[in-house]
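Structure record follows, encoded as structure tokens.
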Amino acid sequence: MAHDTTHDHDLSPGGAHSHHILPQGTIFLVFGALMTLMVITIGAAFLVPEPLHSNTFFMQTLAIGIAVIKAYLVVTYFMGVKMATRLVKIFAIGGFVWFFTLFIMFADYLTRPYEPVPGWENVPSSALPRATVKDPE
């Protein structure tokens, strides 16, 4: 007896909602891709030749690129966004846009020079000197 993977449940007075279950082959294929990408990440950390390994920009770009691919696979298949409605897809994309916006703001915060508050620490400022306005007397 074959098992039907699509079920209709009446969730609202006027409509039906269908559930989608991924085929086992797809689940194992995505899992295999995730394991392959994990091996590539570990291999990149240990097996990349020295001129590229000491280049931190290359290594970070490679690691982030692999991580983005893995995150895409997890969100698309295992979290079910691929078979979801447009609204769910919009919110998933919006969440990533919001995350990257916060990441850019935090990166901007980290790249600013340190400027101690007068009276808190006796450390010279690394920021540009401020022009002071003298009171006319």
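The values are calculated or read from the model by the stated rules, or taken from the named source; none is laboratory data. Worth saying up front: this structure is predicted, and the values here are computed from it rather than measured. Heads up, the Cβs are rebuilt from the backbone with ideal geometry, glycines too, and the neighbour counts pull from every protein chain shown.
Yes/no per residue for (1) farther than 28 Å from I90 by Cβ; (2) in contact with a helix residue (DSSP H, G or I) (Cβ under 7 Å, 6 or more places away or on another chain):
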position	(1), (2)
T41	yes, yes
A44	yes, yes
P51	yes, no
M59	yes, yes
I66	no, yes
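The set of residues in the range 22-53 that are of a type in the set (V, I, T) and under 20 Å from A71 (Cα atoms) comprises T26, I27, V30, T36, V39, I40, T41, I42. Summed over the range 82-98, residues that are part of a helix (DSSP H, G or I), surrounded by 13 or more Cβ atoms within 10 Å (Cβ to Cβ) and of a type in the set (A, V, I, L, M) total 2.
Figure legend. Inter-residue proximity from the range 72-96: first residues closer than 13 Å to L34 by Cβ, second residues modelled with pLDDT under 90, beta-carbon distance below 6 Å, spacing 6+ or different chains. Indicated pairs: V75/V81; T76/K82.
When restricted to residues that are under 23 Å from Y72 (Cβ atoms) and modelled with pLDDT under 80, the range 1-47 contains 2.
Output yes when any residue across the range 106-116 is under 30 Å from L34 (Cβ atoms), out of contact with any Ser or Thr (no Cβ under 9 Å at 6 or more places or on another chain) and either among the hydroxyl-bearing types (S, T, Y) or at pLDDT 65 or above (or both), and no when none is. Yes - at least one qualifying residue is present in the range 106-116. Taking the range 41-81 as the range and being surrounded by 14 or more Cβ atoms within 10 Å (Cβ to Cβ) and outside any helix (DSSP H, G or I) as the test, the residues that pass are V48, G80, V81.
When the criteria are applied in full, V48 meets the requirement of being farther than 24 Å from T26 by Cα and without any contact (Cβ under 8 Å) to a residue 24 or more places away in the chain.
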